[in-house]
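Structure first, commentary second.
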Amino acid sequence: MDTLYLKIDENVGVHDRRVFLKDIAQISCSNKEIEARVKTMLFPEAVGREPGRYVKSVMEVIACIQKEFPSLEINNIGVPDFIITYEKQKQPADAVSWLKTAAVCVLCFFGASFSIMTFNNDVSITELFGQVYELFTGQTSDGFTVLELSYSLGLGLGIIVFFNHFAGKKLTADPTPLEVQMRTYENDVNDTIIEASRHVPKNERKTTQSSGKGITG
């Protein structure tokens, strides 16, 4: 008896309503003819008419395969439930996309600057530097000394080192803190969507997904 191994990630993306098993799963079988045929099998009602997120069970995939190969042994080594994210093919960035990116950059720049300034005011950093400067030099600070200069340079370097990213390049091979947080957020979103789908009656779930609305996060 041939054995087929099936592995599906928690969230897979597709750009076409016609979804084949090779688009959503890693498939391996000692019988390469069966493996090739399974990869080209169509997964019925995988997504709806509109882009969105659709929760599916690996049992649906197994049932689809067993219709064609009733005696085939299937081992699932992936997740029991997964999400198919249906998105339309992305178009090249246009002027509007560049303007949006520029607006986000400007907001982040001034927002971060405002946050740093308000923090410095809250802790009276200028007064503190003045006191430290006078304590060590015996002179009154004019507001621009080696302390302010080193603090400004150290703040910028600290941000670069912490976020492990500068000018489109990583300083090390480790993921950046932002990538870690985004991955954590994506995992939480996937878990929430899958958990929410388990509380939806099967008949309502099928009607919702087939209408193209899906379960969106």
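Please sort through the DSSP H helices of the chain and keep those with an alpha-carbon extent of at least 15 Å along the long axis and a Kyte-Doolittle average not below 1.6. Walk me through the numbers before you get to the answer.
Details: long enough: 58-68 (16 Å, 0.84); 95-122 (40 Å, 1.09); 125-137 (18 Å, 0.64); 146-163 (25 Å, 1.91); 177-197 (30 Å, -0.60).
Result, helices passing both filters: 146-163.
In debye, nearest 20, what is the charge dipole magnitude of the range 112-204 about its Cα centre with +1 on Lys and Arg Cβ and -1 on Asp and Glu Cβ, if you could check? Working shown, then result.
Numbers: 5 positive and 12 negative charges, 80 e Å.
Dipole about the Cα centre, nearest 20: 380 debye.
Using alpha carbons only, how many angstrom separate the centre of the range 1-52 from the centre of the range 112-184?
Centre-to-centre distance over Cα atoms comes out at 50 Å.
Can you order the peptides 45-51, 160-166 by their average number of other Cβ atoms within 10 Å per residue, highest first?
Details: 45-51: 17.1, 160-166: 13.6.
Result, highest mean first: 45-51, 160-166.
Counting only helical runs of four or more DSSP H residues, what would the 222 nm mean residue ellipticity of the chain come to if each run contributes -39,500 (n - 2.57) and the total is spread over all its residues?
Values: 8 runs with 112 residues, N = 217.
So the calculated ellipticity at 222 nm is -16500 deg cm²/dmol.
Could you rank 197, 57, 152 by how accessible they are, 1.4 Å probe, largest area first? Let's see the in-between values first.
Working: 197 5, 57 30, 152 75 Å².
Result of the area sort, largest leading: 152, 57, 197.
Would you mind putting 174-183, 60-69 in packing order, based on average other-beta-carbon counts within 10 Å, highest first?
The densest-packed peptide leads the list: 60-69, 174-183.
At 1.4 Å probe size, with every protein chain present, just tell me what the per residue accessible area of the range 1-87 comes to in Å². Show your work: numbers first, answer last.
Values: 4620 Å² over 87 residues.
Value for the range 1-87: 53 Å² per residue.
Ignoring ligands, DNA and RNA, what percent of the accessible area of the chain is carbon or sulfur (1.4 Å)? Can you show the working numbers first?
Working: 8960 of 15030 Å².
Summing carbon and sulfur atoms, their accessible area is 60 percent of the total for the chain.
For the chain, divide the Cα radius of gyration by the Kirkwood radius and give the resulting Rg/Rh value with two decimals.
Values: Rg = 27.1 Å, Rh = 22.4 Å.
Using Cα coordinates only, the ratio equals 1.21.
Test of understanding: what is the full-extension gain from residue 50 to residue 163, defined as 0.36 nm times their sequence separation minus their Cα-Cα distance? All intermediate terms of the calculation are to be shown ahead of the outcome.
Working: separation 113, 0.36 × 113 = 40.68 nm, distance 3.66 nm.
Result for the pair: 37.0 nm of gain on full extension.
Mind checking the dipole of the range 42-96: about its Cα centre, +1 per Lys or Arg Cβ, -1 per Asp or Glu Cβ, Debye to the nearest 20? Don't jump to the answer; show the numbers that get you there.
Details: 6 positive and 8 negative charges, 27 e Å.
Rounded to the nearest 20 debye, it is 140 debye.
Rank these residues by their accessible area, most exposed first, probe 1.4 Å: 185, 54, 86. Mind showing how you got there, number by number?
Working: 185 140, 54 0, 86 20 Å².
Ranking 185, 54, 86 by accessible area, largest first, yields 185, 86, 54.
Contact order normalised by length for the chain, with contacts defined as Cα pairs under 8 Å and 6 or more residues apart; what percent is it?
Values: 250 pairs, mean separation 56.3, N = 217.
Across the chain, relative contact order equals 26 percent.
The values are calculated or read from the model by the stated rules, or taken from the named source; none is laboratory data. In this text, all values refer to a predicted model and were calculated from it rather than measured experimentally. A quick note on method: Cβ atoms are made from the backbone with ideal geometry, for glycine too, and the neighbour counts reach across all protein chains shown. Side chains included, ligands, DNA and RNA excluded: accessible areas come from the protein's heavy atoms. Shrake-Rupley method; radii C 1.70, N 1.55, O 1.52, S 1.80 Å.
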